[in-house]
1. In this structure, is B:VAL39 without any contact (Cβ under 8 Å) to a residue 12 or more places away in the chain, more than 7 Å from chain A (Cβ to nearest Cβ) and surrounded by 14 or more Cβ atoms within 10 Å (Cβ to Cβ)?
2. Out of B:LEU17, B:LEU69, which single residue is part of a helix (DSSP H, G or I), modelled with pLDDT under 90 and hydrophobic (A, V, I, L, M, F, W, C)?
3. From the list A:PHE170, A:PHE119, A:PHE139, A:PHE164, which residue is in contact with a helix residue (DSSP H, G or I) (Cβ under 9 Å, 6 or more places away or on another chain), surrounded by fewer than 23 Cβ atoms within 10 Å (Cβ to Cβ) and either assigned to a helix (DSSP H, G or I) or within 11 Å of another protein chain (Cβ to nearest Cβ) (or both)?
4. Pull up segment A:213-237, narrow it to residues that are under 27 Å from the mean Cα position of the chain (by Cα), of a type outside the set (D, E, K, R) and within 7 Å of another protein chain (Cβ to nearest Cβ), then point me to the one that is surrounded by the most Cβ atoms within 10 Å (Cβ to Cβ).
5. Can you name the residue in segment B:20-36 that is more than 12 Å from every other protein chain (Cβ to nearest Cβ) and part of a loop (DSSP other than H, G, I, E, B) and, of all such residues, is surrounded by the fewest Cβ atoms within 10 Å (Cβ to Cβ)?
6. Within segment B:80-91, does at least one residue satisfy the condition of being assigned to a helix (DSSP H, G or I), modelled with pLDDT of 85 or more and more than 10 Å from chain A (Cβ to nearest Cβ)?
7. Write out, first by first residue and then by second, each pair whose Cβ atoms fall under 7 Å of each other, whose residues are 6+ apart or on separate chains, and whose first residue, in segment A:274-288, is more than 24 Å from A:PRO355 (Cα to Cα) while the second is outside any helix (DSSP H, G or I) and of a type in the set (A, V, I, L, M, F, W, C).
8. Taking segment B:50-74 as the region of interest, how many residues are over 24 Å from B:LEU102 (Cβ atoms) and more than 9 Å from chain A (Cβ to nearest Cβ)?
Amino acid sequence: MQHVSSIREPLVTGGKTLHDVTQDICYQVEAKPNLRWMAALSVALFFLGVFFYSVYRTVWYGIGEWGLNKTVNWAWDITNFVWWVGIGHAGTLISAVLLLFRQKWRSSINRAAEAMTIFAVICAAMFPVLHMGRPWLAFYVFPLQNTLGSLWANFNSPLLWDVFAISTYFTVSLVFWYIGLIPDFASIRDRAKGPIAKFSYSMLSFGWKGSAKAWSRYETVSLILAGVSTPLVLSVHTIVSMDFATSVVPGWHTTIFPPYFVAGAIFSGFAMVLTLMLITRVVFRLEDYITLEHIALMNKIMMVTGSIVGVAYITEFFIAWYSQVEFEQYAFINRATGPYWWSYASMMTCNVITPQLVWFRRVRYSIPLTFILSIIVNIGMWFERFVIIVTSLHRDYLPSSWAMFSPSIIDIGLYVGTLGLFFTLFLLFAKFFPVINMAEVKTILKYTVDNGPTYNPEKAHAAHAHQPAIHGAPASAPVTYNKHD
Amino acid sequence: MTKRFALGIFDDEDVLLHAIENIRAAGVKVYDVFSPYPVHGIDDALGIERSRLPIAAFFFGMTGLSFALWMQIYMLGFDWPMIIGGKPHIALPAFVPVAFELTVFFTCHGMALTFFTITGLYPRFKTPVMDVRATDDKFVMAIELDETSSQFPRLTQLLRDNGASEVNQKEMTNN
């Protein structure tokens, strides 16, 4: 028996029954693709084309196609890599950390957020692989014996740690996501009419039947996967930050990087989740599942992590001054007032000021404002990585080597191209896979509608007058089974 | 081999849990219960033992950790020792990240494969089910019948008395 505070808003509105949940979420999978989806997919496919063209230029002509020079030898590629990996982190936070904290509201957003993680990591992985110049030799990063002798990989290098971190993160997220999908594929399979749908969803659902023993194991597996994913997600961005922190470049060599990067990752990830969810809930008519309450809660997490990031910026500046290291001090003064001051200013405005607006209830609960804020945060977080990487590199110890960086058209093409790749994958996911975890939403349904005082149908309908409850009263047997309380 | 089942269809999880307890108390063996979502308390009601998967997970994790440490120490310490950044050949602090990642990697994949294997989950061309509504909104309790289905009328009554909204009979070929 679950106890809910009477001031809690319901997690699912509209008086949904179990069958309504199946119906609402399978609808998108079963219906013919609508025009808006096709339009969005064609735009995404166009940018995917841009991506393939940029990859072709990079691989055929070499890294010289990028705007790098011998001083700034890491720029947009690593900026985009860190940005994409960071975006992925919100998905794991929602699916693992919030599961451990028993935050029931995660149920209706975890599926799409995890999909976002997987696609973001795919986009991120493109950059280091392409920066190798000869991506077909990418297997050199694995500890395999060298073809000329038995020289192994260097396990002291943070770049190699990255290989392990990112590949573990990707495969673990994929498995976690897929195990969650199995029961929902079974729901679609059992509703499927056509032979192709029947066959494909039977293959995808792995013969799931929902027996009690299988569910019991499923829950154990989910809990343990969440348990191992939680330190994993923290380790991934920690290791990404060590790519910088273990070097001796002024502005990079700081111990604050791991927590600062993790907070930034979750910050930008939640911004991206908000962007995607605000679109998804409208396009797929899921306003009853992703309610204003969900948006407000995500906004709050964005505010907390954004504030941590803000504190980290200020701490970094303070420590540079306090360290008495001339180079460190110059690196920070140069960031704020040097030739790249505009990127520093954008980063500060977008990441420090924007999340503070969320203190206002009106902003937190406003869809258009949240949408704008989430986009601004994503831009700001991109600039953060750009500032850290380019402004630290372009003027380091040797003034005779100082240089400026400007991206080539191929740099821009690759970045915009990965956005195309990301949205292509996300749109395909949204069409063919259930975007909301049906089984999990069904477990919280009774919790939502059955606690008399917390649920007021009139109020819920007035606030979200979207789809009235059609299928009669909600499942309403009194909750008397309290063996465990 | 074909088996016959009496299927009690329930609409609500709490009714189902009471029914399971009463039916088991009446001396009837419940074959299995199929539900659209995990029902809390069903393990105790059905007498399902706690899964030992966490123990398996621990051993998979240990395997990963030992493998990672062995790999790094063997490769950089013994097979081809190199001085990197003036550090010892076996620089244990630097081996921590990879050791951690491989621990998680082995835990996750080992446990997922174990879960798929013991639960019999693998891609199938078609999946016969007791009742298609069990993945939608109904809770299906299956009770195995003998060759002649002689207990069926008695079971129907028992299931009905315990709140089943429907009682059906179903033949399942071995799968």
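The values are calculated or read from the model by the stated rules, or taken from the named source; none is laboratory data. Quick caveat, the model's predicted, so the values are computed rather than measured. Note that each Cβ is placed from the backbone with ideal geometry, even for glycine, and that neighbours are counted across all protein chains shown.
1. Answer is no for this residue.
2. Within the list B:LEU17, B:LEU69, the selection yields B:LEU17.
3. So the residue among A:PHE170, A:PHE119, A:PHE139, A:PHE164 that is in contact with a helix residue (DSSP H, G or I) (Cβ under 9 Å, 6 or more places away or on another chain), surrounded by fewer than 23 Cβ atoms within 10 Å (Cβ to Cβ) and either assigned to a helix (DSSP H, G or I) or within 11 Å of another protein chain (Cβ to nearest Cβ) (or both) is A:PHE170.
4. A:LEU225
5. B:GLY27
6. No, there is no match, as no residue in segment B:80-91 is assigned to a helix (DSSP H, G or I), modelled with pLDDT of 85 or more and more than 10 Å from chain A (Cβ to nearest Cβ).
7. Matching pairs, first to second residue: A:PHE284/A:VAL435; A:LEU286/A:ILE436; A:ASP288/A:VAL12.
8. 0
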